[in-house]
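Below is one structure; the comments refer to it alone.
The values are calculated or read from the model by the stated rules, or taken from the named source; none is laboratory data. Just so it is clear, the structure is predicted and the values come from calculations on it, not from any experiment. All Cβ positions, even for glycine, are placed from backbone atoms using ideal geometry, and neighbour counts span all protein chains on display.
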Amino acid sequence: MSDEIQLVMNAISENEYFARAAVGAFAAKMDPTMEELSDIRTAVSEAVTNAVVHAYEGRGGKIRIIGRIEDEWLYLEIADEGVGISNVRQAMEPLYTSRPEETHAGMGFSFMEAFMDELQVISEVGRGTTVYMKKKIASSSVARGKKRVIL
């Protein structure tokens with residue numbers, strides 16, 4: 001089974017919930033467990049929140065989400081055209097935050113990494129950041145060797 005969605009939304013905090021819900025609904029066709037679905041939604045939420053807070057520094061912009069299903073794999077790409085990250089390795093360290101004066105815990109990338117099977121972050125200062133995530137849905141009908149019939 002192969003399918004794809006593309007979303008472009010304003011980088012405002014109110015759209016974080018929409019991104020979680022939209023990607024969750026898309027992934028639901030894979031028949032994930034509640035835990036798998038929660039992991040996906042949390043990872044998406046963290047990526048979108050990072051774009052809103054850090055990439056655009058709360059000033060708005062666009063966030064692009066591409067979701068793709070291939071067999072039992074869910075691929076997600078969440079991109080912005082914000083300020084970029086000068087040191088991705090440092091930004092991905094647990095508890096690191098570029099905004100210590102605010103109440104950010106610095107765990108966004110750690111959560112994404114913990115909840116997804118693969119995480120890659122590509123960023124260029126002044127051009128933006130793209131977060132690539134991949135998750136195998138072990139409970140999917142494809143993974144179980146069953147063909148799913150949708151009427």
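What residue, among those in the range 36-70 that are more than 16 Å from the chain's Cα centre (by Cα) and among the charged types (D, E, K, R), is modelled with the highest pLDDT? If you could, list the steps in order and put the result at the bottom.
The first filter runs over the range 36-70 and keeps only residues more than 16 Å from the chain's Cα centre (by Cα), leaving 56-61, 70.
Filter once more, keeping what is among the charged types (D, E, K, R): 57, 59, 70.
Values: Glu57: 79, Arg59: 82, Glu70: 95.
Among those that are more than 16 Å from the chain's Cα centre (by Cα) and among the charged types (D, E, K, R), it is Glu70.
Residue by residue through the range 12-39, note down the ones that are of a type in the set (A, V, I, L, M), crowded, with 17+ Cβ neighbours inside 10 Å and within 19 Å of Met112 (Cα to Cα). Can you show your working first?
Going through the range 12-39, the residues of a type in the set (A, V, I, L, M) turn out to be 12, 19, 21-23, 25, 27-28, 30, 34, 37.
So of that shortlist, the ones also crowded, with 17+ Cβ neighbours inside 10 Å come out as 19, 22-23, 27, 30, 37.
Ala19, Ala22, Val23, Ala27, Leu37 - these are the residues of the range 12-39 that are of a type in the set (A, V, I, L, M), crowded, with 17+ Cβ neighbours inside 10 Å and within 19 Å of Met112 (Cα to Cα).
Against the list (1) surrounded by fewer than 19 Cβ atoms within 10 Å (Cβ to Cβ); (2) modelled with pLDDT of 95 or more; (3) over 12 Å from the mean Cα position of the chain (by Cα), the condition Tyr75 fails is (3).
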